[in-house]
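Read through the structure below, which is laid out as structure tokens, and then see the notes.
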Amino acid sequence: MEKLVVKGPTPLKGEVIINGAKNAAVAILPATLLIDGCCTIENLPNISDIKISCEILEHLGAKITWNNKNSITIDSTNINSTKAPIDLTSRFRASYYILGAMLGRMGEIEVGMPGGCKLGARPIDQHIKGFELLGANVTVEKGTIYAKAKKLKGSPIYMDIVSVGATINVMLASVLANGTTIIDNAAKEPHIVDVANFLNTMGADIRGAGTDVIKINGVEKLHGNATYSVVPDQIEAGTFMLAAVATRGDITLKNCITKHLESITAKILEIGGNVQDNGDSIRVWCNKRPGKANIKTLPYPGFPTDLQPQMGVVLSLANGTSIITESIWDSRFQYTDELNKMGAHITAQGKNAFFEGVKRLSGAPVYSTDLRAGAALVVAGIAAEGTTEIYNLGYIDRGYEKIEEKFKKLGANIERVSE
Ligand code: EPZ
């Protein structure tokens, strides 16, 4: 078993390069199944979710060549299986994108139920509703989803809730459908726009991604033979921005889109941190104890739920009492028990958590309870006095490329140790 051993406190200082977005990449890879040919994807984060995505694509008949650790070429000419194995799909959430992509490509797919972080109930009713409106027959039996369609037909689809996954999945399924699909009440996250940009580069006709109405005019074929670079990761960038504040450091982030970071920037300024927007880089620094703030997680452009635990670390150390309201997931405060082991004073009750700020955290053995919780514990360890040991690294490695090396370059005393 591996653990991260962090000795703090260290004010983080220096430059960090942000990788491509996990949540865009895990949708773009299945989207390549829609192409009858080859394409190259660059700026892929080198993380375990991407490696499993590649294994699933290969299982379905795609040929993958690694050009370097962040770039692959995928040849989807000979897709020859319509079954995605449950031992792979159960390892992460985004395996559900195989459904939309394969319905579009083959009109048929059998996928094991998706896994992923345990954040409360994670239904996929809106995905299924969308596929059915496009004309597919979808059944769920014994942990497997079966979806089949003769030829998908474009349709108006109103999403009952704003869902990133359902928006992308319906987009994937409708790109090659007959006629026009209109997704109403669509999610607007940067990764939605990125998947639409990728598909359009390959010949799709998708308009309105990034607004709450997306129109997809079905096309006959996606041509491939193009190279696409994944958008920078808004959540990895936000993690480092909040790490700068929590450790009272000074970090410049390179390869990020500052427009995607506005909700985080606004909160950092509100609690007394400093942010300098340089266009394609952003500098964040803080030289005093942060002030309190209230946060409510919301779909983009609101404050992202995937930065809620990292913000929780900052507010644990703030001057005063803050409240975080988690409005997306039912169970995303499990990390607060771990932070309390480090001396934080947090009370979580249902959708709210109350952070009575303390002057310092102290190192302790702690367990990642999900991906972003794990990243938050690393930040807490760097800000805390003494030694923190972080376990359950599998979660962190699903979404952050070489997290300890990036923090080490910023001055953190952090090592990955095998026990
Ligand atoms: C995506 O999950 C992200 N994952 C999550 O990031 C992120 O927390 C979430 O969006 C919200 O931003 C990926 O992109 C792979 P949703 P997703 O469908 O698509 C409810 C991370 O740490 N819902 O937008 O699964 C659902 O229960 C991960 O990187 C339905 O009711 O989230 C939730 O309350 C964790 N029915 C809300 O909608 C559905 O059919 C939003 O979920 C679908 C969703």
Contact list, first residue from region 147-165 and of a type in the set (Lys, Arg), second anywhere and more than 13 Å from the ligand (Cβ to nearest atom) and outside any loop (DSSP other than H, G, I, E, B), beta-carbon distance below 7 Å, six or more apart or interchain, is LYS148/GLU108; LYS148/ASN137; LYS151/ASN178; LYS153/ASN178
Answer residue from region 238-248, given it is crowded, with 24+ Cβ neighbours inside 10 Å and out of contact with any helix residue (DSSP H, G or I) (no Cβ under 6 Å at 6 or more places or on another chain) and is nearest to ILE17 (Cα to Cα) among those: PHE240
Of all residues in region 220-265 being touching a Gly at 6+ places or on another chain (Cβ under 6 Å) and aliphatic (A, V, I, L, M), the one that is farthest from LYS296 (Cα to Cα): LEU222
Of the residues that make up region 66-86, is at least one touching a His at 6+ places or on another chain (Cβ under 7 Å), closer than 23 Å to VAL230 by Cα and in contact (Cβ under 8 Å) with a residue 12 or more places away in the chain? no
Counting only helices (runs of 4 or more DSSP H) wholly inside region 97-208, the ones holding at least 1 residues that are more than 10 Å from the ligand (Cβ to nearest atom) and of a type in the set (Ser, Thr, Tyr) are 164-174, 190-201
Would you confirm, using the coordinates I've provided, whether SER322 is within 18 Å of the chain's Cα centre (by Cα) and without any contact (Cβ under 8 Å) to a residue 60 or more places away in the chain? no
Inspect region 134-146 for any residue being among the hydroxyl-bearing types (Ser, Thr, Tyr), closer than 23 Å to ILE50 by Cα and touching a Gly at 6+ places or on another chain (Cβ under 6 Å) and give the result as yes or no. yes
Would you confirm, using the coordinates I've provided, whether ALA84 is surrounded by 21 or more Cβ atoms within 10 Å (Cβ to Cβ), modelled with pLDDT under 95, more than 13 Å from the ligand (Cβ to nearest atom) and farther than 18 Å from THR167 by Cα? yes
From the set of residues in region 304-354 that are within 16 Å of the ligand (Cβ to nearest atom) and of a type in the set (Val, Ile, Thr), which is nearest to SER163 (Cα to Cα)? ILE328
Just to be sure, is PRO45 buried (at least 17 other Cβ atoms within 10 Å of the Cβ) and more than 16 Å from the ligand (Cβ to nearest atom)? no
Going by the conditions given, is GLU401 touching a residue at least 60 places away in the same chain (Cβ under 8 Å), in the same structural domain as THR297 (by TED's automatic domain parsing) and in a strand (DSSP E or B)? no
Qualifying residues in region 178-203 (those that are of a type in the set (Gly, Ala, Ser) and crowded, with 23+ Cβ neighbours inside 10 Å) - the one farthest from THR305 (Cα to Cα): ALA196
Considering residues of region 1-23 that are basic (Lys, Arg) and more than 23 Å from the chain's Cα centre (by Cα) only, the residue surrounded by the most Cβ atoms within 10 Å (Cβ to Cβ): LYS7
Condition check: over 29 Å from ASP75 (Cβ atoms) and within 25 Å of the chain's Cα centre (by Cα). Does LEU133 satisfy that? no
Going through region 329-348 one residue at a time, which ones are in a loop (DSSP other than H, G, I, E, B) and surrounded by fewer than 20 Cβ atoms within 10 Å (Cβ to Cβ)? TRP329, ASP330, SER331, GLN334, GLY343
Check ILE28, ILE56 and return the single one that is in the same structural domain as THR201 (by TED's automatic domain parsing), within 17 Å of the chain's Cα centre (by Cα) and surrounded by 16 or more Cβ atoms within 10 Å (Cβ to Cβ). ILE28
Would you confirm whether or not region 349-357 contains a residue that is surrounded by fewer than 17 Cβ atoms within 10 Å (Cβ to Cβ), among the small types (Gly, Ala, Ser) and without any contact (Cβ under 8 Å) to a residue 24 or more places away in the chain? yes
Failed item in (1) farther than 27 Å from GLY218 by Cα; (2) of a type in the set (Ser, Thr, Tyr); (3) within 16 Å of the ligand (Cβ to nearest atom), with SER71 passing the rest: (3)
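Quick grid of which residues meet (1) under 30 Å from ASP330 (Cβ atoms); (2) aliphatic (A, V, I, L, M); (3) out of contact with any helix residue (DSSP H, G or I) (no Cβ under 7 Å at 6 or more places or on another chain):
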site: CYS39; (1), (2), (3): no, no, no
site: ILE47; (1), (2), (3): yes, yes, no
site: LYS63; (1), (2), (3): no, no, yes
site: ILE86; (1), (2), (3): yes, yes, yes
site: VAL111; (1), (2), (3): yes, yes, no
site: LEU119; (1), (2), (3): yes, yes, yes
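The values are calculated or read from the model by the stated rules, or taken from the named source; none is laboratory data. Only a predicted model underlies this, so the values are computations on that prediction, with no experimental measurement involved. Ideal geometry is used to build each Cβ from the backbone, glycine not excepted, and the neighbour counts take in all protein chains shown.
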